[in-house]
């Protein structure tokens, strides 16, 4: 039975929810140049910010406001939290964010959902209710009335870019998978098999070039390119097997790079490397013997962690071809 991670997210302390959201944003590299966690007093209405460019707060940015509450985010709290952004932006602390997202694990009140669904109604309510419902709740013991500067910020902000996420929606975001793996031990599942292209790719040219040298050493004949080896009865099947292993390892890398935290794949490859490096360095009668012994060793390795659970022999063997590609463990010396 699948674990309900939404329940576990709702149980996180407030500061840990901010850390969790920060880890979630770390995976959204396609969306952001970088991200930042603001903690404690003086955050100026920001919890976690995502930056679209290297200019960070001086360029376009998104704000994620984390509200770990015992109940749904209320209408009043939503107005006050968003009001802080208009107040601080009007004071020159920062530009308006591109978007604003309430991360409320238990969800938002129906009134908040209705306002978010009707952006211009939300803007009008901000202007109408600022002095009566918001002004006295932004700063302790102060009344921040609606100034022309604050009103200008409210008019300038794109209210269609206000969103909300509860724990269930957060869990369903594919970019959340690495955070679930890191925080709750979620199993990302098996990777897909690799697809071997008919044409030799630039990404595999280095290790294939080394294999062609091994084939020439063993004989018979010369192999100026992969096509010649593939057409050879003696080496054709061998080369096809090596390409299958290589592209299985590439698919494995791609899948877990997107579904596990940064560092998991690096640790997996380090274990493969250290599991075969001594075998690679042993005295062998020739390069082909070296390759075969390393492949045998790689196949029986049992790397630790969730990636080791899903790494079949061909993935571990293909990872060795990646090392040959990089020059770390070349097949031909």
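The values are calculated or read from the model by the stated rules, or taken from the named source; none is laboratory data. These numbers come from a predicted model, not from an experiment. Virtual Cβ from ideal backbone geometry, glycine too; neighbours counted across all protein chains shown.
Just a few scattered comments:
- Selection from segment 161-171 of residues that are part of a helix (DSSP H, G or I) and surrounded by fewer than 17 Cβ atoms within 10 Å (Cβ to Cβ): 161, 168, 169
- Hey, residue 17 in contact (Cβ under 8 Å) with a residue 24 or more places away in the chain and either touching a strand residue (DSSP E or B) at 6+ places or on another chain (Cβ under 9 Å) or crowded, with 17+ Cβ neighbours inside 10 Å (or both) or not: yes
- Unique match (being modelled with pLDDT under 95 and surrounded by fewer than 18 Cβ atoms within 10 Å (Cβ to Cβ)) among 287, 305: 305
- Checked against (1) part of a helix (DSSP H, G or I); (2) at pLDDT below 95; (3) surrounded by fewer than 17 Cβ atoms within 10 Å (Cβ to Cβ), residue 274 passes all but a single condition, namely (2).
- Single condition residue 115 does not satisfy, out of (1) surrounded by fewer than 19 Cβ atoms within 10 Å (Cβ to Cβ); (2) in contact with a helix residue (DSSP H, G or I) (Cβ under 6 Å, 6 or more places away or on another chain): (1)
- Spans of strands (runs of 3 or more DSSP E) in segment 1-98 with at least 1 residues under 27 Å from the mean Cα position of the chain (by Cα), assigned by TED's automatic domain parsing to the domain that holds residue 147 and closer than 17 Å to residue 162 by Cα: 48-51, 61-66
- Unique match (being in the same structural domain as residue 120 (by TED's automatic domain parsing) and exposed (fewer than 13 other Cβ atoms within 10 Å of the Cβ)) among 174, 224, 178: 174
- Among all positions in segment 260-271, there is no residue which is farther than 30 Å from residue 307 by Cα and surrounded by 18 or more Cβ atoms within 10 Å (Cβ to Cβ).
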